[in-house]
Every structure is written in C-alpha cells, then in structure tokens.
Amino acid sequence: MIRTIQTALKGPAQARAQHRQLTQDYTGISSGLAALEASCSAPEDDTVAPIFLLSAGWRSGSTLLQRLVMSDKRVLIWGEPYDECGPIQAMADTLKAFRPGWPPAEYYYDGTPPGQLTGSWVANLFPAPDALWRAHRAFHDALFDAPATQAGAVRWGVKEVRLGIEHARYLRWLYPKARFVLLYRHPLEAYRSYCRYGRSWYDVFPDRPVFTPTAFGTHWRRLMEGYLEGAESIGAMLLRYEDLIGPKPPLAELDAYLGIQTDHAVLSKKVGSSERGGEKVQVNALERWLLKRSVAPVSTRLGYDW
C-alpha cells in the first residue's frame, strides 16, 4: 500500500533513481553543449566573428562600452535586442536535454528515402544534429547579421546585461571566432544607478522581475560567478567598469583583442541622462545589507569594499 502511494505521488522508484543519476553532474545548457559539440559545430572555414559585450547586470557601463566599440564605423552592436523576451536564452535552453545516450543514435534520420520509411519505426524521427546547428545559426544570422550587413556594417555584435557564461558558451558554439568582453562594476554603485530608474525592470518578462536589492544582487552574483569561472574557457576579456573610466583605461588591449580601432574620445562624451526624469533614490541601510548579502562572497573576491 505504501509503495502504491509513493508511486502515485512521486512516480516509479526506478524512474526517480535514474533521474537522480542523470542529473548528478547536470549543468543545464553547458551539459547539453558538451553532448552536442562532438557531433555538430561550425565548419572549420567559418570566419564570422561577432562581438558580444556581456555585462553583469544593469547600470555597469555596458552602453558606454557599446558606444566605444561602435566608434569603429565598421561595427554595429545591437543593444539588448528584445531584452525582456530573452530570445538568446530561449534558444540556448532548447539544448539542455542533450546528454550521453539521448537522443539515441537510431532516432536520427539516416537518409533513407521517405517512401521506404513506412515499414520502419518513425515515432521518433529526428533531423541530424548538424541540421539543428544550422537552424540555430540561421536564427541568429537572420536576426542580427543580416540587418547589420544591410546597414553597411562589416561586423556585428550584441550588448547584453542578462546573459550568463552558459549563454556565452552557446554563442561560442554557434560562432567559434566570436569575441567576448565580460564587463562588471561594483554592485552597490550599479544598484544606486539602477534605483534612479525605478527598480522596475525584468530579467525575462513576466516571470523574473528585478524589483529588490536581493534580486538585483542575486542576478549580479550569478553572472559574475560564471564569468570568473568560465572566461578563460571561451577566450573572453574581463573588464572592470572602474578601469574603463579610470585614468589609464585598457583601450589598446581592448582594440587588439577585438581587432578594431576605437575612438577613445568617446569615453569623455556623455550621451543621455541616467536620471530619466525620476527622483534620486537613496539606498538605505537595509537595502545595502540585503544587497551585500546577496553578492557575497564574489564582491569581496573582486576587492569591492562597502
């Protein structure tokens, strides 16, 4: 009787045990990519080299960096395109299920003429993995590359404040020659700036709002943990906002890494206002405490004091 109740409420014991085993070392998108990379990837002669400017959350200087990179007139960097829709995240999420043994090899279409398949088991008939790669690549090429080329740009890229290291790995799978700049700022200063906008933005609408210092800090910490752990694996450049606006910004290194020539005077030109007509908001002691708790210990590791 007890086993019957457990099966009804939790599923068969064998299925639950298999699930625990399958997810023991599961890392989501990164796991799926690891299972896929051996069977499908960009051709060796692929030369497309987009630029991805990924920031650890909002108000960390990503737009300033975007403007700097676009001062090379050959480059067009899209700014958080369809941000609350999360198109890149959604496409990357479709790869999470891939793992050793799934899909079984016999699921993939082997080229048998369609007229000869009626006597075969076709309940699970998948296009080959390289077709999946081409479909993902075609989506990004159509959304980002084609309109940039039409506008006269030689290179294109995306500036984002929501993408983690797993999304960077996904983009690297699609564009092996891509360049990644991972930008970050003191979370307290970033949050202070964010407060001027009303603290009403979303990671992905409507399920992941970022209305509180804890939500803001958790988002910052999650992205920074991934950036610090995975920057080297994708050949990324880590960049502190404080260094970017400092007396000796690493602009020569940035230009060399991206293979572009920027106008360094852009850093001294202010565009727009961070106030947006809203009143300044003081970060009170409770908010500071909640933020500090949510970004620890990463902020300490980076040398940010409070």
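The values are calculated or read from the model by the stated rules, or taken from the named source; none is laboratory data. Here the structure is a predicted model, which is why all the values come from computation and not from measurement. Cβ sites come from the backbone with ideal geometry, for glycine too, and all protein chains shown count toward neighbours.
General observations
- Whichever residue in segment 154-178 is within 16 Å of LEU228 (Cα to Cα) and among the basic types (Lys, Arg) and, among such residues, is farthest from the chain's Cα centre (by Cα): ARG169
- Cβ pairs under 6 Å, 6+ apart, first in segment 222-250 and closer than 10 Å to LEU183 by Cβ and touching a residue at least 12 places away in the same chain (Cβ under 8 Å), second polar (S, T, N, Q) and surrounded by 13 or more Cβ atoms within 10 Å (Cβ to Cβ): TYR241/SER60
- Residues of segment 231-254 that are in contact with an Asp or Glu (Cβ under 8 Å, 6 or more places away or on another chain) and either at pLDDT below 95 or within 25 Å of TRP173 (Cα to Cα) (or both): MET237 alone.
- THR4 being modelled with pLDDT under 85 and surrounded by fewer than 11 Cβ atoms within 10 Å (Cβ to Cβ): yes
- Tally, over segment 242-274, of residues that are in contact with a Ser or Thr (Cβ under 9 Å, 6 or more places away or on another chain) and more than 13 Å from LEU68 (Cα to Cα): 2
- Being surrounded by 14 or more Cβ atoms within 10 Å (Cβ to Cβ), without any contact (Cβ under 8 Å) to a residue 60 or more places away in the chain and either over 17 Å from GLU37 (Cβ atoms) or not acidic (Asp, Glu) (or both) holds for only one residue in TYR184, TYR170, TYR108, and it is TYR108.
- Meets criteria (closer than 19 Å to LEU95 by Cβ and either outside any helix (DSSP H, G or I) or over 19 Å from the mean Cα position of the chain (by Cα) (or both)) for ALA34: no
- Between ALA151, ALA131, the distinction of being farther than 19 Å from LEU228 by Cβ and without any contact (Cβ under 8 Å) to a residue 12 or more places away in the chain belongs to ALA131 only.
- A search for C-beta distances below 7 Å between a residue of segment 135-147 that is among the hydrophobic types (A, V, I, L, M, F, W, C) and any residue that is part of a helix (DSSP H, G or I) and at pLDDT 95 or above, counting only pairs 6+ apart in sequence or on different chains, returns PHE139/MET91.
- Selection within segment 91-102 - within 17 Å of PRO127 (Cα to Cα), within 25 Å of the chain's Cα centre (by Cα) and surrounded by fewer than 16 Cβ atoms within 10 Å (Cβ to Cβ): THR94, ALA97, TRP102
- Residue among GLY226, GLY217 that is under 21 Å from TRP306 (Cα atoms), among the small types (Gly, Ala, Ser) and either assigned to a helix (DSSP H, G or I) or touching a helix residue (DSSP H, G or I) at 6+ places or on another chain (Cβ under 6 Å) (or both): GLY217
- Count of residues meeting criterion [over 15 Å from the mean Cα position of the chain (by Cα), within 27 Å of ARG196 (Cβ to Cβ) and of a type outside the set (S, T, N, Q)] in segment 210-240: 8
- Subset tally (residues that are of a type outside the set (Phe, Trp, Tyr) and in contact with a strand residue (DSSP E or B) (Cβ under 9 Å, 6 or more places away or on another chain)) for segment 195-217: 7
- Of GLU44, GLU80, GLU84, GLU106, all but one fail to be under 22 Å from PHE126 (Cα atoms) and either out of contact with any helix residue (DSSP H, G or I) (no Cβ under 6 Å at 6 or more places or on another chain) or β-branched (Val, Ile, Thr) (or both); the exception is GLU106.
- Test: LEU251 is surrounded by fewer than 16 Cβ atoms within 10 Å (Cβ to Cβ) and out of contact with any Gly (no Cβ under 8 Å at 6 or more places or on another chain): yes
- The numbered conditions (1) crowded, with 16+ Cβ neighbours inside 10 Å; (2) closer than 18 Å to LEU22 by Cβ are all true for LEU132 except (2).
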